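S.K.: Here it is, the structure in full.
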Amino acid sequence: DDGRLYASIDDGKEWRELNLGSSSKKEWIGTVLASKYDEPTVYVAQQGRYDEDFAVRLYKSTDYGKTFKSIAGNLPGGPINMIREDPVSANVLYAANDFGVYVTTDGGTRWDVLGGNLPSVAVMDFIVHPRDRMLVIGTHGRGVWAIDVSQIRSR
């Protein structure tokens, strides 16, 4: 909960603290996702909600966490609760915040709202079913939703 993140690439023999490049405040780490497509790639979502800071903090590293760049793009304000990779395409990512689910087909440069009839609701977790390509969403107070994402393709 102090915003510090560490990584080891030698089975835990040595650990180093990662610098996400965010503000001096210690934001909470919401999600860490190791890429299934590229071993040195990792995604990190930070949240400042407990300090009433609702900036979008979503980062990607392609060098085992040595450097990070923001992939927040045009995501609307609000802490990112979850990020996942598409099971078929490395450039398709899904992110959820307190207002819904978003998708990018270009690795995080541009994000679009996903879900047509999904209400503006806090999404805390979701999965992308690998066989059926259904996005199954767990919301905060509005139930469970399933959205077909089989037509989403990488740009």
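The values are calculated or read from the model by the stated rules, or taken from the named source; none is laboratory data. All values reported here derive from a predicted model rather than from experimental measurement. In this analysis, Cβ positions are derived from the backbone assuming ideal geometry, glycine residues included, and neighbour counts consider all displayed protein chains. The area values use the complete protein model at the heavy-atom level, side chains included, leaving out ligands, DNA and RNA. Shrake-Rupley method; radii C 1.70, N 1.55, O 1.52, S 1.80 Å.
S.K.: I'd like the full set of residues that are at pLDDT 80 or above and within 24 Å of Met124 (Cβ to Cβ), limited to the stretch 21-40.
M.R.: Listed by number, the residues that qualify are Trp28, Ile29, Gly30, Thr31, Val32, Leu33, Ala34, Ser35, Lys36.
S.K.: Looking at Ala146, Ala45, Ala96, Ala72 in this structure, which one is within 14 Å of the chain's Cα centre (by Cα), more than 22 Å from Asn19 (Cβ to Cβ) and of a type in the set (Gly, Ala, Ser)?
M.R.: Answer to the selection: Ala96.
S.K.: Since Gly21 meets every condition but one in (1) farther than 30 Å from His129 by Cβ; (2) in a loop (DSSP other than H, G, I, E, B); (3) out of contact with any Phe, Trp or Tyr (no Cβ under 9 Å at 6 or more places or on another chain), which condition does it not meet?
M.R.: The single condition Gly21 does not satisfy is (3).
S.K.: Would you be able to say whether some residue in the stretch 73-89 is touching a residue at least 24 places away in the same chain (Cβ under 8 Å), surrounded by fewer than 18 Cβ atoms within 10 Å (Cβ to Cβ) and closer than 20 Å to Asp2 by Cα?
M.R.: Checked against the condition, which is being touching a residue at least 24 places away in the same chain (Cβ under 8 Å), surrounded by fewer than 18 Cβ atoms within 10 Å (Cβ to Cβ) and closer than 20 Å to Asp2 by Cα, the stretch 73-89 yields at least one hit.
S.K.: Something else about it: Starting from the stretch 2-13, keep only residues that are on the phi > 0 side of the Ramachandran plot, then list their pairs with residues that are in a loop (DSSP other than H, G, I, E, B) and modelled with pLDDT under 90 whose Cβ atoms are within a distance under 9 Å, requiring at least 6 positions of separation or different chains.
M.R.: Going by the 9 Å Cβ cut-off, the qualifying pairs are Gly3/Leu20; Gly3/Ser22; Gly3/Lys25; Gly3/Lys26; Gly3/Glu27.
S.K.: Could you count how many residues in the stretch 68-93 are touching a Ser or Thr at 6+ places or on another chain (Cβ under 6 Å) and either of a type in the set (Ser, Thr, Tyr) or not in a loop (DSSP other than H, G, I, E, B) (or both)?
M.R.: Selection size over the stretch 68-93: 4.
S.K.: For the stretch 99-107, indicate whether the set of residues that are of a type in the set (Ser, Thr, Tyr), more than 19 Å from Val44 (Cβ to Cβ) and modelled with pLDDT of 90 or more is non-empty.
M.R.: Yes, the stretch 99-107 contains at least one residue that is of a type in the set (Ser, Thr, Tyr), more than 19 Å from Val44 (Cβ to Cβ) and modelled with pLDDT of 90 or more.
S.K.: Taking the stated definitions as given, is Asp63 free of Cβ contacts under 8 Å to residues at least 24 places away in the same chain and either surrounded by fewer than 18 Cβ atoms within 10 Å (Cβ to Cβ) or part of a strand (DSSP E or B) (or both)?
M.R.: Yes, satisfied.
S.K.: Starting from residues that are of a type in the set (A, V, I, L, M, F, W, C) and either part of a loop (DSSP other than H, G, I, E, B) or over 20 Å from Ser8 (Cα atoms) (or both), keep the ones in the stretch 29-60 and report whichever is most open to solvent (accessible area, probe 1.4 Å).
M.R.: By that ranking, first place goes to Phe54.
S.K.: If you don't mind, there's one more thing I want to ask. Can you pull out every residue in the stretch 94-134 that is open to solvent by 30 Å² or more (accessible area, probe 1.4 Å) and outside any loop (DSSP other than H, G, I, E, B)?
M.R.: Listed by number, the residues that qualify are Asp112, Val113, Met124, Asp125, Ile127, Met134.
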